[in-house]
Amino acid sequence: MNTTTTPSQSVYPVTPDQGAAKEAILTVIVDNEPGVLSRVVGLFSARGYNIESLTVAEVDVEKHRSRITIVTSGTEQKIEQIKAQLGRLVPVRRVADVTKESDALTRELALVKISATGDHRVEAMRVAEIFRARPLDTTHTSFIFEVTGARDKINAFLDLLRPLGLTEVSRTGVLSIRRGAETD
Amino acid sequence: MTTALKTSGMNEAVSTAPSTAQKSGAELVLDALEEQGVDVIFGYPGGAVLPIYDALHHRSSIQHILMRHEQGAVHAAEGYARSTGKVGVALVTSGPGATNAVTGLADALLDSIPIICISGQVARPFIGTDAFQECDTTGITRSCTKHNYLAQSAKSLSGIIHEAFHIARRGRPGPVLVDIPKDVQFEEAAYTPRAEAKNRNCIVVPDIKNNDIEHAVELMRHARRPVFYTGGGVINAGASAQLRALARQTGFPLTSTLMGLGSFPASDPQWLGMLGMHGSLEANNAMHDCDLMICVGARFDDRVTGRLDAFSPNSRKIHIDIDPSSVNKNVPVDLAIIGDAGEVMDAMLAEWRRRETQEKHDKVRIAEWLMQIDGWRARKSFQFEPADDRIKPQHAVQRLYELTRGKDVYITTEVGQHQMWAAQYFHFDEPNRWMTSGGLGTMGYGLPAALGVQVAHPDALVIDIAGDASVQMTMQEMSAAVQYGLPIKIFIINNAYLGMVRQWQELLHGRRYSHSYSDSLPDFVKLADAYGGHGIRAEKPHELDAKIEEMLASKKPVLFDCVVTNEENVFPMIPSGAAHNEMLMGGAVTGDEISDEGKVLV
Ligand SMILES: Cc1ncc(C[n+]2csc(CCOP(=O)(O)OP(=O)(O)O)c2C)c(N)n1
């Protein structure tokens, strides 16, 4: 006695599509203890979540608390899952989706090296001025600029510098903080 | 002063010792275990844990069971934990000791079993130098424990162990590993009592919201086709009584996952049997056709849901779980209630009763549903064709069940077809009686787990329903069973195949039985003899009962070689990639039942 099965449309694992993937910035407050960063990063790799950028530093020396800011992306359901999974880690004190839950300021800092002479050099200086980038180091053939801003601004800055002799970039990844008096 | 205190304070109750008394790290470990109520450790010694073993030597309050492999030690601790509701403890050495424990830890993580694994580590100055028997234990076990520690000093040691127990028990239970460098075991420090240890919470459980309870009961009172879908979480929460009360009060039918068996009595007419890939027709059809699903302590695992896009398409779903990450992970639900299953069900029951006094629940509302379920039940999906000349595996489990009824019995299993037959044909009326590796599916779990159960319940009948292949993965623990006089019964359903693999090859791979035949099986009767146990073989149906009686009468560990038909399949079956209402029933299978998409699933 066999029931015939209709062909499956599913592939494994099947995550019901809950709309389009979008970016999320998560702030994770953790106890600063050995291995904590690898717990967080390991969770992302083990469960196949995406990390676009990650920054971490101790922010409360007395309580040994660090703040990790992670830029990730996924459907709404996936982001909720990431937050819940992070919440299960013992050293994690708080997880907040600053993009969603609060009006947040975000900033990133980049150090940018340009190797250029002649017209390109002049043009690079002009672009830097528009973006309020600060020259930190100057030689006859190179500049290093420091620029801060939202990620889009930094991307735009880099796009403009690329044809002008951009040779190296170092970026911090996104930092964020809630506007107003409230804290995370 | 230090040494004087050490010797005189040795046998004193820990809590009364002045907290300034200095003790070695090894003694501190045992003090902390003692204060946590540990009376038995399953372990295996080695260089990096010798100081702890030395301290154990004169500590009569803690029994140590010497296992034959660290995997066995962890599974034994799991069996102990699962059957008692307490935390199980394993002790292993560094390097290979720790890596051998990994399978057990991963198993405990997936099945939410509270255990503590203490591992030795090379001395602090050697860490990172590729020293002898060094491995990055905390790194290796990070993703297969709920939490782990590298104890950096003796001062922090007892506090860490208390926190480890707290984490293992609290919220959704799980394994916690504490890695202790050898020099920390020698270093002296003061003891931190349990009451003074910091207890960070792994899961912060919010208060149960009245609104949610009212909403849930509202949905329940209006349901016409309700079903309870329960899991191992009910057992972990010790909430069987609440589940029973709620089920009786509402009259709703109830099914459970593999892990939840026993939380509701199998003899009850409301019981639908297990659900999922090899669950009963009535359970799976009820899940598919219900209009209200009340999930308690289960996690919508792929073995349970089948094809997700066809999973219970027309139901509202309530999910009660202690772990927020379980909610909406695989299946979106309409109402999530985060909390302890017992507390939530108590609240639901109170609300249900309150509503009853206002207006009686109209039982007629679900009468038609119950009749429909009876119709499915009448199809007897666990039926099989008996044979005269050879023992059918289902029949073997059935007889084992009948002949042990009314006894104080605990069942463990290995992994494979026999595990499914055990779940289908052995019935449980009480929780904590059924120990099986559900999440990880670890062959070799059952024998050492049985040993752990027997240690916890010395007078009970503990049976491992085993497969001929699985049992060889941890067979050496027979030696430990004999050493400690633990009369576990290993009931081997011997089909001479890696049966579950063979079944999948039959259904998915054109009967090409690639490397799934167990050639050169040992003579299990002689093997039992060699270990100093009791070997029994049954080959014919007519001798089965008498042989089982012989096993039950034996005071020794038994290897029972139950020789069964070789190519039996587990039915009914939801093929991978199919929906709940597309079950294959027993009988001839052509091999075309599983779609190509289904084949890529596991
Ligand atoms: C450690 C481990 N390795 C491999 C598997 C894959 N596997 C699942 S069932 C099975 C066959 C088990 O054979 P046996 O123990 O004889 O039980 P049967 O299915 O024949 O009842 C295998 C190899 C597993 N579950 N665990």
Chymotrypsin sites (Phe, Trp or Tyr not before Pro) in the range B:125-217 lying in a DSSP loop, each with at most 16 other Cβ atoms within 10 Å of its Cβ, come to B:F132
Probe 1.4 Å, all chains present, heavy atoms only: B:K407 accessible area in Å², nearest 10, is 100
Out of A:T148, A:T106, A:T117, a Gaussian network model of chain A with alpha-carbon springs under 10 Å gives the largest mean-square fluctuation to A:T117
For B:K556, counting only lysines whose alpha-carbon sits under 27 Å away and dropping same-chain residues fewer than eight positions off, the answer is B:K86, B:K392, B:K407, B:K489, B:K526, B:K540, B:K547
With +1 at each Lys and Arg Cβ and -1 at each Asp and Glu Cβ, the charge dipole magnitude of chain B around its Cα centre, to the nearest 20 debye, comes out at 720
Computed over chain B, the relative contact order (Cα-Cα under 8 Å, seq sep at least six) in percent reads 13
Net charge near B:E356 (other residues with Cβ under 12 Å of its Cβ; Lys, Arg +1; Asp, Glu -1) is +3
In deg cm²/dmol, rounded to the nearest 500, the helical mean residue ellipticity at 222 nm of the protein assembly as shown, built from -39500 (n - 2.57) for every DSSP H run of length 4 or more, is -10500 deg cm²/dmol
Correct semi-axes for the range A:16-100, from √(5λ) of the alpha-carbon gyration tensor and rounded to whole Å with the largest first, are 23, 12, 10
Note on the protein assembly as shown, DSSP bridge orientation, antiparallel percent to nearest 5 equals 40
Rounded to the nearest 0.05, FRET efficiency between B:N211 and A:N155 (Cβ-Cβ, R0 60 Å) equals 0.85
Taking Rh as the Kirkwood radius computed over alpha-carbon pairs of chain B and applying Stokes-Einstein at 4 °C with viscosity 1.567 mPa s, one gets a diffusion coefficient in µm² s⁻¹ of 51
Surrounding charge for B:L403, neighbours by C-beta under 12 angstrom, Lys/Arg +1, Asp/Glu -1, total +1
Helix B:341-358: inclination vs chain B longest Cα principal axis, degrees, rounded to 10, gives 40
Per residue convex hull volume, Cα only, the protein assembly as shown, in Å³ is 208
For the range B:342-405, listing GluC sites (Glu not before Pro) in a DSSP loop whose Cβ sees at most 11 other Cβ atoms within 10 Å gives B:E359
Here the net charge surrounding B:S437, from other residues whose Cβ is less than 9 Å away from its Cβ (Lys, Arg +1; Asp, Glu -1), is -4
Trypsin sites (Lys or Arg not before Pro) in the range B:467-551 lying in a DSSP loop, each with at most 10 other Cβ atoms within 10 Å of its Cβ, come to B:R512
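The values are calculated or read from the model by the stated rules, or taken from the named source; none is laboratory data. This one's a predicted model, so the numbers in the text were calculated from it and none came from an experiment. Using ideal geometry, Cβ is built from the backbone for each residue, glycine included, and neighbour counts are taken over all protein chains shown. Note: accessible area is taken over every heavy atom of the protein model, side chains too, but ligands, DNA and RNA are not part of it. Shrake-Rupley method; radii C 1.70, N 1.55, O 1.52, S 1.80 Å.
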